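Everything below concerns the one structure shown next.
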Amino acid sequence: MATTTVSQERIRVRFYFALCVTLAALAIGPAGWAQEFVVQLDPTQTKIEFTLGSTLHTVEGTFKLKSGAIRYDPSTGKMSGLIVVDATSGESGNGGRDRKMHREILESNKYPEIIFTPTQVKSTFNPKSPSKLEVSGQFSLHGQDHDVTLPIDIQPSGRQLQMATHITIPYIKWGLKNPSTFILRASDKVEIDIHAGGQLADDGASH
């Protein structure tokens, strides 16, 4: 009888120990973080490159980030904020081509900003190790909003973050003018690669 009582007591101790370990793991693990993260993007550490194929050659160029701030709640997967690109900063190294791009394609005097508004995240951001996220939201280009999902790779280093993503934009389908001529046929899609630097803001500290 005494042996049975001792065995039952050992089982209870092991059960409570396992339960405590599980609860502790949930409390400190990514799914259990009861905090919001705020990320500020640094325009000076961000590179936005575009590539447009054509029958004669491939056009490559850049845009500049104007501003970027993102708030993420890991308990719900909700994300908010704005990432704003300066549409007027687009350049490809050819003055005549760039003037045509701004005047006839982007109409950047009328639509000076390209904006991404994130709303939802799949997967979980871990501030201490690399993360791969799928971020859904609204991409505003040439006065029109479009639903997109961006795959984002994040490499943290302390409070500093390095982020990378790629998006294919079907710009003609989205209502922009086709730049093709009788001689030169341009692709109907433009490839965008973004490498951004930023940091976790003070609001991202644990509550």
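Please indicate, with yes or no, whether at least one residue in the stretch 180-195 is outside any loop (DSSP other than H, G, I, E, B) and free of Cβ contacts under 8 Å to residues at least 40 places away in the same chain. No: the stretch 180-195 contains no residue that is outside any loop (DSSP other than H, G, I, E, B) and free of Cβ contacts under 8 Å to residues at least 40 places away in the same chain. Filtered by the rule that a residue be closer than 16 Å to PRO74 by Cβ, open to solvent by 60 Å² or more (accessible area, probe 1.4 Å) and out of contact with any Leu (no Cβ under 8 Å at 6 or more places or on another chain), the stretch 131-177 gives a lone residue, LYS132. Flag set for ASP147, criterion: within 22 Å of ASP188 (Cα to Cα), in a strand (DSSP E or B) and free of Cβ contacts under 8 Å to residues at least 40 places away in the same chain.
In the set (1) under 29 Å from GLU36 (Cα atoms); (2) surrounded by 15 or more Cβ atoms within 10 Å (Cβ to Cβ), GLU191 fails one condition alone, (1). Every test in (1) farther than 22 Å from PRO74 by Cβ; (2) open to solvent by less than 20 Å² (accessible area, probe 1.4 Å); (3) out of contact with any His (no Cβ under 9 Å at 6 or more places or on another chain) is passed by SER180 save one, and that test is (2). Checked against (1) surrounded by fewer than 16 Cβ atoms within 10 Å (Cβ to Cβ); (2) out of contact with any helix residue (DSSP H, G or I) (no Cβ under 8 Å at 6 or more places or on another chain); (3) touching a residue at least 60 places away in the same chain (Cβ under 8 Å); (4) not polar (S, T, N, Q), GLY96 passes all but a single condition, namely (3).
Residues that are over 22 Å from LYS47 (Cα atoms), in contact (Cβ under 8 Å) with a residue 40 or more places away in the chain and open to solvent by less than 30 Å² (accessible area, probe 1.4 Å) occur in the stretch 101-123; there is at least one.
The values are calculated or read from the model by the stated rules, or taken from the named source; none is laboratory data. Note that the structure is a prediction, hence the values are computed from the model and not measured. Neighbour counts run over all protein chains shown; Cβ positions are idealised from the backbone, glycine included. These area figures cover heavy atoms from the full protein model, side chains too; ligands, DNA and RNA do not enter into them. Shrake-Rupley method; radii C 1.70, N 1.55, O 1.52, S 1.80 Å.
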